[in-house]
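The values are calculated or read from the model by the stated rules, or taken from the named source; none is laboratory data. Remember, it's a predicted structure, so these values are computed and weren't measured experimentally. Cβ placement follows ideal geometry from the backbone for every residue including glycine, while neighbour counts extend to all protein chains displayed. For the accessible areas, the whole protein counts, side chains as well, though only heavy atoms, and no ligand, DNA or RNA atoms are used. Shrake-Rupley method; radii C 1.70, N 1.55, O 1.52, S 1.80 Å.
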There are 2 protein chains.
Amino acid sequence: MSAIRRSKEPAKASNRKRQRVPTAAALNRRMRHTERKRSAILEAALATFSQYGLHGASIDQIASRADVSKTNLFYYFSNKEELYTSVLSYLLDLWLQPLMAFTEDQDPIDAIRDYIRVKLEFSRDHPAESRLFCMEVMQGAPLLLNQLKQPLHDLVENKVTVIRAWIDQGKLAPIEPYHLIFSLWATTQHYADFRVQVEAVAGKTLDDPDFYQETLTSLEKLVLDGVRPRN
Amino acid sequence: MSAIRRSKEPAKASNRKRQRVPTAAALNRRMRHTERKRSAILEAALATFSQYGLHGASIDQIASRADVSKTNLFYYFSNKEELYTSVLSYLLDLWLQPLMAFTEDQDPIDAIRDYIRVKLEFSRDHPAESRLFCMEVMQGAPLLLNQLKQPLHDLVENKVTVIRAWIDQGKLAPIEPYHLIFSLWATTQHYADFRVQVEAVAGKTLDDPDFYQETLTSLEKLVLDGVRPRN
DNA sequence: TCTAATTCAGACCAATTGGTCTGAATAAAC
DNA sequence: GTTTATTCAGACCAATTGGTCTGAATTAGA
């Protein structure tokens with residue numbers, strides 16, 4: 001996990017008095033150390049926020065989960081909200097990436113199949129990220145909407161065009177592109193966001209390789225072929 | 001909105017001293033009044049909890065939204081958790097209902113079409129309920145899982161059997177029933193739970209009748225026909 | 001060795017908030 | 001008119017918690 005925004009830089013040089021100039025190698029090591037520490041904290045924050053929400057999670061909880069002292073946590077992040085938004089903007093990037101792969105020169109069926117796979121892998125490998133994203137959006141994304149709105153809108157707009165082109169070329173059934181995208185998001189994320197419900201109902205989660213494969217196959221089939229019987 | 005559980009009964013008769021026996025009509029009026037008041041509070045609680053979460057919502061906030069004093073709120077609900085679980089168990093009922101309609105004697109295509117419509121109507125008319133349910137499940141459903149697990153499991157088990165029968169009769173493409181159900185839940189609830197995202201992307205919500213119709217048509221088409229081009 | 005960065009435990013503070021208590025006003029039912 | 005249920009404002013309490021401060025220990029780099 002790599003930090004994206006930071007407002008509180010550790011290792012700021014005190015510039016009064018004659019200062020020592022650290023070597024490049026040392027600076028590098030410091031940076032790596034700082035990054036690792038920040039990452040550990042961010043990871044703990046992610047897990048905790050995604051389970052309890054912004055208000056339900058306490059700094060003490062996060063600090064102890066990250067195995068650092070509260071003092072040390074505040075050494076890296078100036079306050080709770082900065083910690084929270086750091087986590088959010090990190091995962092926003094992660095969340096947006098897969099969609100970018102859609103390009104017009106692909107075969108749409110392949111592109112959609114790939115997209116389902118990538119998103120389902122994300123749900124399996126990053127369920128906490130998926131849930132925190134969901135939670136934030138669900139609450140109206142008060143801290144994310146500004147960052148989210150424009151890039152997301154533009155990206156989707158772009159992909160809608162691609163999908164329309166596919167439809168015009170007869171490579172795809174005429175379906176409203178927005179809803180296709182929403183459906184792909186919804187179905188794949190469901191297995192992360194509603195994990196406990198899936199488990200309560202089906203008795204399994206994506207962590208089970210067989211269940212993962214079954215899910216992937218079912219979603220592909222459902223989206224690509226629908227449920228109407230073939231004769 | 002009708003209350004389901006209550007642990008703090010107002011209007012309890014003080015049984016020392018010679019008590020007056022209220023007439024049936026009076027009792028009835030009292031009950032109705034109590035119900036209305038409880039409902040108003042529950043409604044405010046639902047709206048507030050669904051936006052801010054259990055911890056993010058404050059009693060003061062809820063009371064003022066329901067237009068009652070904090071004292072009065074505690075006159076009807078003994079504490080925050082009871083208020084929260086009252087809201088939850090109310091909406092659990094609401095949430096489970098639509099699925100019961102699936103029966104083997106129906107035509108599966110009709111049944112699925114109907115189900116999509118009913119669930120999408122729910123997303124349009126009860127978005128706060130949908131979001132609160134989502135939020136609770138996402139956090140591991142600590143207060144709902146016990147109530148949820150058994151009935152949900154049984155209900156779904158039942159419907160899975162129905163779907164398998166349809167498949168065996170050749171009325172439905174061979175799809176894993178669990179995943180069909182999950183996909184129907186996911187796609188329809190998405191429009192309530194990710195409302196702000198849908199709005200950011202498509203510029204519209206289900207409140208817009210045209211958009212609602214477009215969504216309904218798209219989901220029906222997608223699930224029933226898939227996206228592969230027909231020749 | 002000297003300096004600066006990092007880390008910690010723990011005391012502490014102030015704001016929020018769930019919840020109680022008081023005491024009084026009002027409305028409803030008889 | 002009398003009783004009982006309902007309602008309120010507001011004081012109040014105790015727990016939680018975000019965040020600060022201190023002072024000291026440790027580590028890394030020069």
Inspect all residues belonging to segment A:164-183 and state whether any of them is crowded, with 22+ Cβ neighbours inside 10 Å and under 18 Å from the mean Cα position of the chain (by Cα).
yes
Kindly evaluate B:LEU54 against the criterion of being in contact with a Phe, Trp or Tyr (Cβ under 7 Å, 6 or more places away or on another chain), within 10 Å of another protein chain (Cβ to nearest Cβ) and within 25 Å of B:ASP208 (Cα to Cα).
no
B:PRO229 vs (1) part of a helix (DSSP H, G or I); (2) surrounded by 15 or more Cβ atoms within 10 Å (Cβ to Cβ); (3) at the interface with chain A (Cβ under 10 Å from one of its Cβ atoms); (4) not β-branched (Val, Ile, Thr): all pass except (1)
Of the numbered conditions (1) closer than 26 Å to A:MET100 by Cβ; (2) surrounded by 16 or more Cβ atoms within 10 Å (Cβ to Cβ); (3) within 9 Å of chain B (Cβ to nearest Cβ), A:ALA200 satisfies every one except a single condition; which is it?
(1)
Return yes or no: is A:ALA47 within 11 Å of DNA strand C (Cβ to nearest atom) and either without any contact (Cβ under 8 Å) to a residue 24 or more places away in the chain or of a type in the set (A, V, I, L, M, F, W, C) (or both)?
no
Mind checking which residues of segment B:156-198 are farther than 18 Å from A:HIS190 by Cβ, in contact (Cβ under 8 Å) with a residue 24 or more places away in the chain and of a type in the set (A, V, I, L, M, F, W, C)?
B:VAL162, B:ALA165, B:TRP166, B:LEU172
Is it fair to say B:LYS149 is surrounded by fewer than 21 Cβ atoms within 10 Å (Cβ to Cβ), facing another protein chain (nearest Cβ under 9 Å) and touching a residue at least 60 places away in the same chain (Cβ under 8 Å)?
no
From the option list A:GLY140, A:GLY170, single residue qualifying as more than 22 Å from A:TYR52 (Cβ to Cβ), facing chain B (nearest Cβ under 7 Å) and assigned to a loop (DSSP other than H, G, I, E, B) is A:GLY170
Show the residue pairs that are 6+ apart or on different chains and have beta-carbon atoms under 8 Å apart, the first residue being within segment B:203-218 and within 11 Å of chain A (Cβ to nearest Cβ) and closer than 23 Å to A:ALA173 by Cα, the second being part of a helix (DSSP H, G or I) and basic (Lys, Arg).
B:LEU216/B:ARG117
Working carefully through the options A:ASP154, A:ASP114, find the one that is more than 23 Å from B:ALA200 (Cα to Cα) and either charged (D, E, K, R) or in a loop (DSSP other than H, G, I, E, B) (or both).
A:ASP114
For segment B:44-105, which helices (runs of 4 or more DSSP H) that fit wholly inside it have 3 or more residues that are open to solvent by 60 Å² or more (accessible area, probe 1.4 Å) and within 16 Å of DNA strand D (Cβ to nearest atom)?
B:59-66, B:70-76
Just wondering, is there one or more residues in segment A:108-116 that are open to solvent by 20 Å² or more (accessible area, probe 1.4 Å) and either under 30 Å from B:LEU54 (Cα atoms) or within 16 Å of DNA strand D (Cβ to nearest atom) (or both)?
no
